[in-house]
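This report concerns only the one structure given below.
The values are calculated or read from the model by the stated rules, or taken from the named source; none is laboratory data. Remember, it's a predicted structure, so these values are computed and weren't measured experimentally. Cβ sites come from the backbone with ideal geometry, for glycine too, and all protein chains shown count toward neighbours.
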Amino acid sequence: MSIPIPKTIKKTQITTAQAVTANRLSDGAVVYLTDQNTWSAEIDDCQIVNDQGVAENFLSLTQELSGGLSGGDQVVGTYLFKVQLDGGRALPLSRREIIRTTGPSISFGATAAPKQPQI
């Protein structure tokens, strides 16, 4: 038997600081929306928002303008990600964003070792 929850009790939503990220179309670099409405490859430059409504408005703006915020520097794949402030620095909370801020987790390109077949 379930206990009915009174209508006067509402679920509280715990909000986390968020920022907007994307990939620069010209070279695939990870970029972050700054408080000057430009894109920066440095997470320390990202604009941090604590209000979910404001964060979603920023995301909508970046998707509508399709990267025109930084003088025509086109971006793709804009989305919000959660951050934590630590000593004035934005630290990503998800494993994906940690990897995106630190670079690839495997070697690639000319320095990558060729894959050896398994026998």
Criterion: modelled with pLDDT under 85 and more than 17 Å from residue 29 (Cα to Cα) - qualifying residue of 112, 90: 112
Tabulated pairs, segment 48-65, first in contact (Cβ under 8 Å) with a residue 12 or more places away in the chain, second assigned to a helix (DSSP H, G or I) and surrounded by 12 or more Cβ atoms within 10 Å (Cβ to Cβ), C-beta under 6 angstrom, 6+ apart or interchain: 49/55
Whichever residue in segment 68-85 is at pLDDT below 90, not hydroxyl-bearing (Ser, Thr, Tyr) and not in a loop (DSSP other than H, G, I, E, B) and, among such residues, is surrounded by the most Cβ atoms within 10 Å (Cβ to Cβ): 75
Check on residue 35, at pLDDT 80 or above, surrounded by 15 or more Cβ atoms within 10 Å (Cβ to Cβ), closer than 22 Å to residue 82 by Cβ and acidic (Asp, Glu): no
Every pair of residues 6+ apart whose Cβ atoms lie under 9 Å, when the first sits in segment 98-111 and is surrounded by 10 or more Cβ atoms within 10 Å (Cβ to Cβ) while the second is modelled with pLDDT under 70 and not in a helix (DSSP H, G or I): 99/105
